[in-house]
Amino acid sequence: MQWRASLSAMDGVRLLRLGKRLTELGRAMVTEHASATLTPGEIAVVSDVYQHPGSSVQDIRVRTGFAQSHVSTSVARLRERGLLDAEPDPADGRRTLLSVSAPARDYVRARAARPAEPLLAAALPDPAQARRAAELLDELAALLLPAPPPPAP
């Protein structure tokens, strides 16, 4: 019966708030260094291209909702910094297709693979609470996320 009581405390609004907080923590973990060197708009453009390699400026504009001039300016700055690669669209030589550069992809993967415990320790005042939160998040991930694919031979 205790399980039912605790389950009923989690309603849709609380679940959404929790999801938002977890998203904030995850985003901070992945982008904390980038946010010191990139604008929020540039981070959004890199994130979009990371998720959709081979995108045009128009594709990014549609998905992000940013003005084309903002996307074009961000793309130019990101290309200058070596974070985005560009190649001509084979179907339409007037368009440029963008992808995240290999060094930038490696950096994002390395940031995302870091353990969450230090971030949780900063978010929670009690080290025991931070450890417990990490355990609970691991358990939730095991229950709610698809199993990762087996490693390649």
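Throughout, read-outs are computed from the coordinates displayed, never taken from laboratory work. These numbers were taken from a predicted model, which means no experiment stands behind them. Quick reminder, even Gly has a Cβ in these numbers, built from the backbone with ideal geometry, and neighbours come from all protein chains shown.
Some values worked out for this structure:
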item	result
Label of the coordinate-derived value, Rg and Dmax of the Cα atoms in Å, listed as (1) 13.9, 38; (2) 19.5, 65; (3) 15.1, 48	(2)
Modelled FRET efficiency - R0 22 Å, Arg27 with Ala113, Cβ distances, 0.05 increments	0.90
Amide H within-cut-off set for Ser55, under 5 Å, with H built and near neighbours excluded	Leu98
Inverse mean reciprocal Cα-Cα distance (Kirkwood Rh) of the stretch 30-113, Å	12.8
Linear extension gain, His52 paired with Ala76, 0.36 nm per residue minus alpha-carbon span	6.9 nm
